[in-house]
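Worksheet: the structure to be examined is printed underneath.
Each value in this text was obtained by applying a stated rule to the coordinates, not by laboratory testing. This is a predicted model, so every value here is computed, not measured. Note that we place each Cβ from the backbone using ideal geometry, even for glycine, and neighbour counts take in every protein chain shown.
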């Protein structure tokens with residue numbers, strides 16, 4: 001695959017920013033004895049989102065996603081949105097507007113990315129799992145699939161309960177308040193978004209049973225199933241909130257994607 005880093009000015013964020021992109025690369029294979037690799041643009045595209053303490057390099061540094069995606073007819077976009085939870089924050093930085101509207105528009109100016117719903121997917125880990133689900137559920141007319149790996153689920157009731165039960169997380173709760181405000185709004189509440197999306201995107205939700213987010217992911221899984229979503233669920237023994245788990249799960253995500261990405 002070809003890896004590129006695009007740096008550009010974001011009018012939405014009001015500053016310079018950047019994103020990594022992986023693109024299929026056509027090859028004859030003659031010199032190395034490989035199978036020929038053909039490409040078929042415009043490419044289906046996967047927006048692959050990072051976690052709270054990460055950036056656009058994290059997936060590439062900690063997993064073999066580039067190798068797993070090689071020889072697939074699939075573009076992968078790896079943006080960065082700091083610690084903004086893929087949200088238009090109360091302090092004024094519009095991360096959700098950036099990633100859902102401006103970034104795709106800018107990328108399509110320069111790259112052969114498909115605009116079709118059936119070719120557009122989102123996935124992410126932890127904070128990025130929440131972001132990927134929100135991206136697809138708030139834009140179901142544009143995203144046909146979303147995957148949440150150990151998602152850091154945001155829901156009004158869950159956040160209130162977490163604040164009561166985890167006094168050791170007081171500093172993190174204050175940070176959440178600067179992002180979401182005093183209470184989680186419906187447009188940022190994942191369980192509420194599941195109830196509103198039409199058409200319903202296909203979903204993949206997974207979490208290790210040793211992960212602190214496990215119960216919240218089970219709640220998302222049950223709610224989505226109750227609402228009739230086409231959902232693949234994986235609850236995995238022995239895994240916590242770790243890269244070895246996400247490296248394993250991203251392979252499953254890529255295998256679930258439609259035939260045109262193979």
The helices (runs of 4 or more DSSP H) lying entirely within the range 65-169 that contain at least 2 residues which are over 21 Å from residue 253 (Cβ atoms) are 103-110, 156-165
Residues satisfying the stated conditions in the range 184-194, i.e. free of Cβ contacts under 8 Å to residues at least 40 places away in the same chain and closer than 12 Å to residue 158 by Cβ: 184, 189, 191, 192
Determine whether the range 174-186 contains at least one residue that is crowded, with 20+ Cβ neighbours inside 10 Å and under 23 Å from residue 234 (Cβ atoms). no
Within the range 197-224, the residues that are in a helix (DSSP H, G or I) and surrounded by 14 or more Cβ atoms within 10 Å (Cβ to Cβ) are 214, 216, 217, 218, 219, 220, 221, 223, 224
What are the residues in the range 55-95 that are closer than 17 Å to residue 175 by Cβ and touching a residue at least 40 places away in the same chain (Cβ under 8 Å), if any? 81, 83, 84, 85, 86, 87, 89, 90, 91, 93, 95
Scan of the range 6-30 for residues that are in a strand (DSSP E or B), free of Cβ contacts under 8 Å to residues at least 24 places away in the same chain and either more than 15 Å from residue 81 (Cβ to Cβ) or in contact with a strand residue (DSSP E or B) (Cβ under 7 Å, 6 or more places away or on another chain) (or both), ordered by number: 7, 9, 16, 27
Enumerate the pairs (first residue in the range 240-257 and touching a residue at least 60 places away in the same chain (Cβ under 8 Å) and at negative phi; second residue anywhere and in a helix (DSSP H, G or I) and buried (at least 20 other Cβ atoms within 10 Å of the Cβ)) with beta-carbon separation below 7 Å, excluding pairs fewer than 6 apart on the same chain, so at least 6 apart or on different chains. 250/65; 254/69
